[in-house]
Amino acid sequence: MVIPIFNGEFSKLWRRMHAEIGVKPIANGMRKSCISYTLAARPELGIVQASKWAGNSEATIKKFYQERLTQKDGERWFNLPILF
């Protein structure tokens, strides 16, 4: 487990958070952002590696997830040490 709760528990907390702040959640929003910003922060990884991590085909990544972000955008948003 990455976090010490089950998916169902996380989903309840996620929905509650959105309800309390009055923001409509975006379907697969975290997934889309993670894939897009990972590609922006680490363009050398490429779409092939991103698709493997995401469990998608390259065509799906290109069509739905790859945003027009720069590497600087990715670094600014994540600003985390590279661990992999």
* To do: Could you tell me whether region 21-31 includes any residue that is surrounded by 13 or more Cβ atoms within 10 Å (Cβ to Cβ) and part of a helix (DSSP H, G or I)?
  => yes
* Which residues, counting only those in region 35-48, are without any contact (Cβ under 8 Å) to a residue 12 or more places away in the chain and either surrounded by 16 or more Cβ atoms within 10 Å (Cβ to Cβ) or within 18 Å of residue 77 (Cα to Cα) (or both)? -> 44, 45
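None of the figures in this text is laboratory data; all of them are computed from the coordinates on show. Because the structure is a prediction, the values reported are computed rather than measured. As a convention, Cβ positions derive from the backbone with ideal geometry for all residues, glycine included, and neighbour counts pool all protein chains shown.
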